[in-house]
Every structure is written in C-alpha cells, then in structure tokens.
Amino acid sequence: MMRMNSKGQAFSTFQLLISAIIALAILVILLSVLGIIPNLFNISQNPVDAMVDKIKDARNKPAVPVQGGKVNFTKDNRTVTTESIASVSGVGLEKEQICLSPGQFMGQAEIISKGQDGSKEKQWTVVEDGSRITYNKDNVQTTFTVICHSSATRLKTYIEEDLPEIKVEWMDSGSFKCKCLDNEQFKEQPCCLIVLKYSS
C-alpha cells in the first residue's frame, strides 16, 4: 500500500531515489578505498601509493610484468624512494630489494652517486643504484611496470632472456645499476624492478 502525505502525494519514489544516491555514494567510497576507482577511470595517482599497490600484486606473480596506471610527479610529490615503498606495511621487501629505473626516460635522466644532489639540468635525477628517482620540472604524468621474481638472479636472467626491450632501454645505461640485480649480497633474495614508461 502506497503512503501519502497530507496533499495525497506518494513518498515511495522520493525515498527510492534517496536510497539509490546513498548506495552509490557508499559504493564509490568503498571502491576508492580499495583502489579500484583510479584504475577503472584511469585517474592519476600518487606515485608511491600506486607503486606500492602494484608491487604487492607483482610479488604474487613472479616473472609477470604488472602494468601500473597513470601517476603524477608534481612539485609537491616529485621524489620516490625505495625506502618510501618498502616502509609501507604489507610490501614485504627491504629497500635494497627494490629498484627504481627511469625506464623510457633514461635519456632524460642524470645518474648520480648516492649522497649527491645532481645538477637538475635534466628532467630526471636518478641515484645510480636505483634507490631514488626525482622529477626536476613542474609536473609530468607517467605510467610504470613492476616485475618481481623469487630471487634477483632469476629476475636478471628472466629480463635478459625474455624481455630484451627492458634490458636495452632500462638496464644497459652505463652507470645505472640496480642494487638488487648487481650486488652479490642480494642475488638470492626476492627483487622487484619498477620501470617508468611514457603515459599514452
């Protein structure tokens, strides 16, 4: 039986509309918390948050390149470090087990030694062991790929044998050497490589 107000108008349509709006709002909040909304609508994310999300995914898929969404490097958010990624709960890796590569931006990157600031003349500044990457201009949108393996040795072999485009573009750049891929101390430990790519 339909309820009526004092003027004899039905309440049910209005109540249904309000219920639908509330349900939609709850769904959007839930999807945002789960990180689904940015991927669903290709919305840019904070680089560290996006990389943490994808590195967790890649750890469960050894030797499978996991594509990240769009990320924004801005004046307020221009640097990513392996420490900032490793310190997030649930990543399960030490900072030395993660490598940040400028990837397709290698030609626009200045490779510096640990402890140096760099000249900031190029668009990117990258620490030679892959522990820090900084965008030096106002802002840029990129994407990225994460590749993990059960050991650094296996990851390096996998990249060299099965992903030559990654080896050529992102690893063979003279002074840039990922710590977990090129250090005897870490060769039998899990290792994840994060490589930046142009945003399409």
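The values are calculated or read from the model by the stated rules, or taken from the named source; none is laboratory data. Note that this is a predicted model, so its numbers are computed, not measured. Backbone-built Cβ (ideal geometry, glycine too); neighbour counts: all protein chains shown.
Residue by residue, here is whether (1) touching an Asp or Glu at 6+ places or on another chain (Cβ under 8 Å); (2) among the aliphatic types (A, V, I, L, M); (3) surrounded by fewer than 19 Cβ atoms within 10 Å (Cβ to Cβ) holds:
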site	(1), (2), (3)
Asp76	no, no, yes
Lys95	yes, no, yes
Phe105	no, no, no
Ala109	no, yes, no
Gln116	no, no, yes
Gly130	no, no, no
Taking the condition of being of a type in the set (S, T, N, Q) and in a strand (DSSP E or B), how many residues in region 91-143 meet it? 6
State whether one or more residues within region 166-186 are assigned to a loop (DSSP other than H, G, I, E, B) and either in contact with a Phe, Trp or Tyr (Cβ under 9 Å, 6 or more places away or on another chain) or buried (at least 21 other Cβ atoms within 10 Å of the Cβ) (or both). yes
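Could you pull out the residue among Ile29, Ile22 that is of a type in the set (Val, Ile, Thr), outside the structural domain of Asn183 (by TED's automatic domain parsing) and at pLDDT below 90?
The unique qualifying residue is Ile29.
Suppose the filter is touching a residue at least 60 places away in the same chain (Cβ under 8 Å) and surrounded by fewer than 17 Cβ atoms within 10 Å (Cβ to Cβ); does Gln141 pass it?
In short, yes.
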The condition from (1) of a type outside the set (A, V, I, L, M); (2) in contact with a Pro (Cβ under 8 Å, 6 or more places away or on another chain); (3) more than 17 Å from Ala58 (Cβ to Cβ) that Ser151 misses is numbered (3)
